[in-house]
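The structure under discussion appears below in the form of structure tokens.
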Amino acid sequence: MSFSASPVPQTGVHGVRHPTFESLRLGHSSQSTASGLLRFWDSLNFKKDNEFMGITVILFLDEKVNYVIHGFIPAGRANHYMSSLKVGSIVKVDCFEVVRCSNMYKITYHPFLIRFISTTIIDEVIMGAPEIRLQS
């Protein structure tokens with residue numbers, strides 16, 4: 001699979017560029033995005049005695065259109081990322097996998113899902129954060 005570079009849209013902050021959800025491409029890559037962390041919760045497998053499967057996150061990006069995308073942190077990586085998850089924070093997520101979201105597990109309208117992998121980095125954005133209105 002090949003990945004094409006796409007232009008990075010400009011955010012509302014002058015001089016600071018953050019990729020939007022429109023620029024996401026399928027597969028593993030060095031993609032990054034800045035978004036609001038709207039919500040997260042434990043994902044449990046009710047058919048297997050409530051086995052912990054991972055953490056589901058909802059990321060929100062408001063540029064010209066409201067975009068909400070579903071993210072998933074597998075159980076094996078949950079402890080690593082838990083301290084970085086703060087509802088209402090603006091985060092930059094780097095080096096993740098983008099996959100098509102199964103209709104069976106679809107919780108947003110976006111066709112893709114961001115999957116946290118071993119190389120994924122999540123950091124709260126303090127300076128130069130895009131304008132994201134979490135109340136929308």
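The values are calculated or read from the model by the stated rules, or taken from the named source; none is laboratory data. Keep in mind that this is a model prediction, so the values were computed, not measured. Don't worry about glycine lacking a Cβ; one is built from the backbone with ideal geometry, like all the others, and counts go over all protein chains shown.
Of note:
- Residue count for region 84-126 satisfying the condition of being assigned to a loop (DSSP other than H, G, I, E, B), under 19 Å from A34 (Cβ atoms) and either modelled with pLDDT of 90 or more or of a type in the set (S, T, N, Q) (or both): 12.
- From the list D62, D42, the lone residue that is modelled with pLDDT of 70 or more and not aliphatic (A, V, I, L, M) is D42.
- From G54, G76, residue being touching a Ser or Thr at 6+ places or on another chain (Cβ under 6 Å) and either closer than 16 Å to S118 by Cα or part of a loop (DSSP other than H, G, I, E, B) (or both): G54
- Single residue of region 66-80 satisfying the filter (buried (at least 19 other Cβ atoms within 10 Å of the Cβ) and closer than 10 Å to I122 by Cβ) that is farthest from the chain's Cα centre (by Cα): I73
- Count - residues of region 10-27 that are at pLDDT 75 or above and crowded, with 16+ Cβ neighbours inside 10 Å: 1
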